[in-house]
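Report on one structure; see the data block that follows.
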Amino acid sequence: MTTLDMTGENAGTGRSKSLFTADKRTAARNAAERRFRAYGVVAITLAILALVWLLISIFSTGLPAFKQTFIDIPVTLDAAVLDKAGHGNPDEMASVSTIGYGKLIAKALSAEIAARGIDTGKMKPRDVAEMISEESAATLRNMVLANPKLLGSTIQFPALANGRIDGYFKGRVTMATAALDKNTSPEKLALADRLVAAGMMQTRLNLGFLTMPDASDQRPEAAGLGVAILGSLYMMFIVLVLALPIGVAASVYLEEFAPKNRWTDLIEVNISNLAAVPSIVYGILGLAIFINFGGLPRSTAIVGGLVLALMTLPRIIIPTRAALKAVPPSIRDAALGVGASRLQTVMHHVLPLAMPGVLTGTIIGLAQALGETAPLLLIGMVAFVRDFPKAPPMGLLDPASALPVQIFNWTQRGDPGFVERASGAIIVLLVFLIVMNTAAIILRRKYERRW
Amino acid sequence: MSPMKVSASAFAIIAASAFSASARDQLQIAGSSTVLPFATIVAEAFGEQGKFKTPVVEGGGSGAGRAALCKGVGEDTIDIADSSSRISQKDIDTCKANGVTDIMEIRIGYDGIVFATDIAGPDFAVEPKDIYEGIGAKVAKDGKLVDNTAKTWADATGKLPAQDILALIPGSKHGTREVFDTKVVLAGCKADGAYDLYKAASTGADDKAKDKDAEKGCYTLRTDGAVVEIDGDYTETLSRLAANKNAMGVFGLSFYENNTDKLKVATVSGIVPSTETIADGTYPVSRPLYMYVKKQHIGVIPGLQEYLDFFVSDDMAGPEGKLVDYGLVADPKLADTQAAVKAGTLMGPLK
């Protein structure tokens with residue numbers, strides 16, 4: 001069909017047809033072109049549909065993670081219970097455990113329900129208390145220890161509701177499933193409805209999802225991305241600080257100063273190969289070098305950052321070299337011509353002109369590193385980390401989590417409440433990636449020069 | 001600050017940290033993904049009392065946890081390995097070679113293994129024999145070993161519901177598989193009679209070799225699609241089950257207890273699995289869960305002894321404790337464990 005055989009039926013003599021009526025071969029070629037276009041349209045439609053489906057499924061399951069059900073309870077912080085020594089000294093008050101605070105909140109809830117005359121049916125006080133997240137006791141305790149002056153006063157405390165109650169208002173739990181569910185009951189859901197009617201319970205925006213640390217399987221309602229976001233930021237900082245200068249220096253040397261010989265060819269080939277090495281390989285490398293040999297602590301941002309920096313290096317060097325190559329030789333010649341040294345030429349002219357390309361490459365490299373999970377598996381970052389790392393530089397040595405790893409972690413949890421949180425974390429990660437890629441595009445559009 | 005200076009100081013920090021390796025003040029735990037939820041629940045409750053930092057808990061599997069434990073002694077190695085199967089002599093030898101000579105074995109409780117089907121499906125009441133007859137590669141029929149071609153559970157056993165056979169069982173990397181193999185498949189194989197037939201067909205030299213061949217025969221499961229090994233977690237088994245309502249999945253009791261609205265559990269030998277029936281031993285398919293502790297780290301890593309005491313305390317692992325709420329089966333001999341933890345008793349040689 002595609003051969004250009006001119007000896008065919010229409011070649012030479014038999015040109016009897018007009019140009020307006022396509023002959024057989026033209027018709028075949030036109031049909032082929034239409035088919036090809038149709039394939040293209042089908043391919044793109046499929047891709048768009050897949051993307052839309054992905055986004056719809058992620059957003060529909062993930063958006064509820066940003067909202068949470070709270071029970072607003074007026075809690076009287078009884079000094080006789082919380083500070084038996086009576087000195088208002090946080091160290092002494094720490095002897096009251098979260099169990100003590102839990103009881104206090106449970107009692108306050110029961111009292112408030114009774115005061116408002118809300119019918120609890122046949123539920124025992126213990127069942128009513130189970131509607132509150134266990135996390136709220138810890139929250140209240142930290143609040144009081146941080147500010148002992150609160151003792152003796154009555155505060156309006158927004159306690160997180162239990163994950164199943166929360167799921168009821170998000171449509172995850174229904175009366176029918178609650179009847180089968182060992183962890184909740186239709187009576188609890190009915191009481192929750194009455195609490196909502198009385199204005200004590202409300203599903204509202206929950207910034208805690210972005211600021212609170214991870215939580216165990218028993219309290220999906222309290223799990224947040226705080227440690228993961230901080231860990232990811234620390235790692236990106238390390239990647240930036242290490243990979244950008246080294247990558248740019250290496251590219252400048254290779255592009256502007258290095259002699260062209262077998263060694264530099266070898267290095268060049270290796271850089272291209274390294275960029276294609278599967279990321280898990282860097283994890284094994286990191287485990288061997290930084291943890292087993294270097295003695296750096298496991299699960300820390302510094303090891304994660306170093307591994308990701310190694311992984312990102314070739315991905316920065318390649319676009320940087322391309323950007324340096326794109327600067328026309330006339331710029332160099334002019335600089336050298338007026339007497340600049342080669343270093344001055346590079347630093348004053350070539351590198352600044354290549355900078356948009358360098359930054360674009362760096363940002364895209366960082367975005368890739370941000371979404372990377374595989375290498376972090378091996379260096380112990382797929383872990384339950386609840387304490388926030390300290391401020392840098394020492395905080396880099398504290399255990400931390402990372403965004404993609406947190407998503408991976410949550411998808412493996414047994415409690416159904418973690419499904420929405422994993423999707424919510426994906427939304428956060430996507431937002432970060434979109435912001436970074438947009439920044440790269442803006443930089444490129446704004447500063448890129450064509451010669 | 002110029003970029004040069006920034007990167008120079010970054011290097012300085014890394015170099016300094018590599019040498020100083022500041023004292024670790026946080027426990028590091030790794031191992032079984034079955035124990036993981038229990039370990040995180042305890043870690044969370046332990047950390048929020050504010051005296052010590054919250055331990056860092058990693059999953060990764062029982063074998064990986066024990067390997068990490070046996071890597072050596074020092075702050076850059078983990079303190080506790082969670083394990084859903086008992087430590088092997090090979091691990092102990094590796095430990096010893098790397099200087100980890102003092103290991104404490106703590107049995108934290110038991111975990112049941114349950115068979116569950118979709119909530120809307122029919123009820124199942126199985127015996128290990130029925131499971132084997134559904135999924136074994138060859139079954140006994142009229143005194144002969146024949147290839148298993150049963151399409152439905154009714155065909156295979158003659159009494160279960162006529163539902164297509166599709167068993168989602170844990171892959172071989174899971175500790176759960178070991179228990180499933182020995183307590184369900186092998187027991188069922190013996191009850192079915194296939195074991196004896198395999199043994200009779202064996203060409204092994206002595207009785208022991210024949211037993212080994214027979215066991216190997218029993219562990220051979222159907223490869224025609226009726227048995228699917230799941231290498232991921234229970235969440236994967238659950239989503240497969242949601243996609244194919246005919247499937248029967250193998251789950252841990254704690255996972256089932258948190259998803260009772262989606263799963264219907266099968267009785268085994270007439271017993272409904274629950275923390276009670278497993279604790280009193282009437283439900284046949286259960287296994288102990290362990291923590292292996294590097295005793296050389298007690299007194300070095302702050303909070304290790306306290307964490308262990310807290311883990312085995314009545315508030316956590318006891319019959320009324322938090323872990324039981326989540327599906328752990330409390331150990332009836334918990335008091336002994338508590339005393340052993342307090343005294344720092346090392347584990348004896350494997351029996």
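Within the stretch B:121-168, how many residues turn out to be among the aliphatic types (A, V, I, L, M) and either under 23 Å from B:Gly327 (Cα atoms) or not in a loop (DSSP other than H, G, I, E, B) (or both)? Can you show your working first?
Keep residues of the stretch B:121-168 that are among the aliphatic types (A, V, I, L, M), which gives B:125-126, B:131, B:135, B:137, B:139-140, B:145-146, B:150, B:154, B:156, B:160, B:162, B:165-168.
Those still in the list that are either under 23 Å from B:Gly327 (Cα atoms) or not in a loop (DSSP other than H, G, I, E, B) (or both) too: B:125-126, B:131, B:135, B:139-140, B:145-146, B:154, B:156, B:167-168.
Counting residues in the stretch B:121-168 that are among the aliphatic types (A, V, I, L, M) and either under 23 Å from B:Gly327 (Cα atoms) or not in a loop (DSSP other than H, G, I, E, B) (or both) gives 12.
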Which listed residue is closer than 30 Å to B:Glu48 by Cβ and either in a loop (DSSP other than H, G, I, E, B) or more than 14 Å from chain B (Cβ to nearest Cβ) (or both), from A:Ala439, A:Ala367, A:Ala425: A:Ala425
Any hit, the stretch A:415-422, residues being within 9 Å of another protein chain (Cβ to nearest Cβ) and not in a helix (DSSP H, G or I): yes
Scope the stretch B:320-351; condition surrounded by fewer than 14 Cβ atoms within 10 Å (Cβ to Cβ) and assigned to a helix (DSSP H, G or I); matching residues: B:Ala335, B:Asp336, B:Ala339, B:Lys342, B:Ala343
Members of the stretch B:40-78 that are at the interface with chain A (Cβ under 8 Å from one of its Cβ atoms), outside any loop (DSSP other than H, G, I, E, B) and among the aliphatic types (A, V, I, L, M): B:Ile41, B:Ala43, B:Ala45, B:Val56, B:Val57
Set A:Leu306, A:Leu274, A:Leu266: member being in a helix (DSSP H, G or I), surrounded by 15 or more Cβ atoms within 10 Å (Cβ to Cβ) and more than 14 Å from chain B (Cβ to nearest Cβ): A:Leu274
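Residues A:Gly357, A:Gly380: which one is crowded, with 18+ Cβ neighbours inside 10 Å, touching an Asp or Glu at 6+ places or on another chain (Cβ under 8 Å) and more than 13 Å from every other protein chain (Cβ to nearest Cβ)?
Details: A:Gly380 fails: more than 13 Å from every other protein chain (Cβ to nearest Cβ).
Testing whether each residue is crowded, with 18+ Cβ neighbours inside 10 Å, touching an Asp or Glu at 6+ places or on another chain (Cβ under 8 Å) and more than 13 Å from every other protein chain (Cβ to nearest Cβ) leaves just A:Gly357.
Tell me the residue from A:Ala340, A:Ala334 that is part of a loop (DSSP other than H, G, I, E, B), more than 13 Å from every other protein chain (Cβ to nearest Cβ), of a type in the set (A, V, I, L, M, F, W, C) and farther than 25 Å from A:Met436 by Cβ, please. Walk me through how you get there before you give the answer.
On the way: A:Ala334 fails: part of a loop (DSSP other than H, G, I, E, B).
Answer to the check: A:Ala340.
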Residues of the stretch A:142-166 that turn out to be surrounded by 14 or more Cβ atoms within 10 Å (Cβ to Cβ), closer than 17 Å to A:Gly88 by Cα and polar (S, T, N, Q), as a count: 1
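Quick check on the stretch B:206-217. Is at least one of its residues more than 14 Å from chain A (Cβ to nearest Cβ), within 24 Å of B:Thr267 (Cβ to Cβ) and either outside any loop (DSSP other than H, G, I, E, B) or among the β-branched types (Val, Ile, Thr) (or both)? Break it down stepwise before answering.
Initial filter on the stretch B:206-217 (more than 14 Å from chain A (Cβ to nearest Cβ)): B:206-217.
From the residues that got through so far, the ones that are within 24 Å of B:Thr267 (Cβ to Cβ) too are none.
No, the stretch B:206-217 contains no residue that is more than 14 Å from chain A (Cβ to nearest Cβ), within 24 Å of B:Thr267 (Cβ to Cβ) and either outside any loop (DSSP other than H, G, I, E, B) or among the β-branched types (Val, Ile, Thr) (or both).
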Selection within the stretch A:223-263 - under 27 Å from B:Pro37 (Cα atoms) and in a loop (DSSP other than H, G, I, E, B): A:Ala223, A:Gly224, A:Leu225
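Within the group A:Ala334, A:Ala243, which residue is farther than 23 Å from B:Val57 by Cα and crowded, with 19+ Cβ neighbours inside 10 Å?
Working: A:Ala334 fails: crowded, with 19+ Cβ neighbours inside 10 Å.
The conditions single out A:Ala243.
Would you check if A:Thr69 is surrounded by 12 or more Cβ atoms within 10 Å (Cβ to Cβ) and not in a helix (DSSP H, G or I)? So that I can check it myself, show each step before the final result.
Details: surrounded by 12 or more Cβ atoms within 10 Å (Cβ to Cβ): yes; not in a helix (DSSP H, G or I): yes.
Yes: the conditions hold for A:Thr69.
Restricting to the stretch B:88-104, name every residue that is in a loop (DSSP other than H, G, I, E, B) and either crowded, with 22+ Cβ neighbours inside 10 Å or in contact with a helix residue (DSSP H, G or I) (Cβ under 6 Å, 6 or more places away or on another chain) (or both). I'd like the intermediate steps shown before the answer.
Let us first name the residues in the stretch B:88-104 that are in a loop (DSSP other than H, G, I, E, B), namely B:88, B:98-102.
Residues satisfying the conditions are B:Val100, B:Asp102.
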Matching residues in the stretch B:273-304 - criterion: being within 20 Å of the chain's Cα centre (by Cα), at pLDDT 90 or above and of a type in the set (A, V, I, L, M, F, W, C): B:Leu289, B:Met291, B:Val293
Residue identified as surrounded by 21 or more Cβ atoms within 10 Å (Cβ to Cβ) and of a type outside the set (A, V, I, L, M) among A:Thr184, A:Thr211, A:Thr203, A:Thr174: A:Thr184
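Given A:Leu397, A:Leu378, which one is touching a strand residue (DSSP E or B) at 6+ places or on another chain (Cβ under 6 Å), among the hydrophobic types (A, V, I, L, M, F, W, C) and modelled with pLDDT under 90? Show your work before the answer.
Values: A:Leu378 fails: touching a strand residue (DSSP E or B) at 6+ places or on another chain (Cβ under 6 Å).
It is A:Leu397.
Residue by residue, here is whether (1) on the phi > 0 side of the Ramachandran plot; (2) at pLDDT 95 or above holds:
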| position | (1), (2) |
| --- | --- |
| A:Gly12 | yes, no |
| A:Ser16 | no, no |
| A:Phe20 | no, no |
| A:Thr26 | no, no |
| A:Val42 | no, yes |
| A:Leu46 | no, yes |
| A:Leu51 | no, yes |
| A:Thr61 | no, no |
| A:Ala65 | no, no |
Test: residue in the stretch A:308-327 that is free of Cβ contacts under 8 Å to residues at least 40 places away in the same chain and of a type in the set (S, T, N, Q): no
Single condition A:Leu233 does not satisfy, out of (1) surrounded by fewer than 19 Cβ atoms within 10 Å (Cβ to Cβ); (2) assigned by TED's automatic domain parsing to the domain that holds A:Ser401; (3) in contact with a Leu (Cβ under 8 Å, 6 or more places away or on another chain): (3)
Output for the stretch B:219-249, where each listed residue is closer than 25 Å to A:Arg164 by Cβ, more than 10 Å from chain A (Cβ to nearest Cβ) and in contact (Cβ under 8 Å) with a residue 12 or more places away in the chain: B:Thr237, B:Arg240, B:Leu241, B:Ala242, B:Lys245, B:Gly249
Hits in the stretch A:129-173 (condition: part of a helix (DSSP H, G or I) and small (Gly, Ala, Ser)): A:Ala129, A:Ser136, A:Ala137, A:Ala138, A:Ala146, A:Gly163, A:Gly167
Matching residues in the stretch B:41-79 - criterion: being of a type outside the set (A, V, I, L, M, F, W, C) and under 24 Å from B:Val179 (Cα atoms): B:Glu58, B:Gly59, B:Gly60, B:Gly61, B:Ser62, B:Gly63, B:Gly65, B:Arg66
Filter result (in a loop (DSSP other than H, G, I, E, B), touching a residue at least 24 places away in the same chain (Cβ under 8 Å), over 14 Å from A:Gln412 (Cα atoms) and at the interface with chain A (Cβ under 8 Å from one of its Cβ atoms)) within the stretch B:21-39: B:Ala21, B:Arg24, B:Gln26
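Of all the strands (runs of 3 or more DSSP E) wholly in the stretch B:221-291, which have at least 2 residues that are crowded, with 22+ Cβ neighbours inside 10 Å? Lay out the reasoning, then the answer.
On the way: elements: B:227-230, B:248-252, B:263-265.
Filter on the stretch B:221-291 gives B:248-252.
The values are calculated or read from the model by the stated rules, or taken from the named source; none is laboratory data. Just so it is clear, the model here is predicted, and its values are computed rather than measured. Ideal geometry is used to build each Cβ from the backbone, glycine not excepted, and the neighbour counts take in all protein chains shown.
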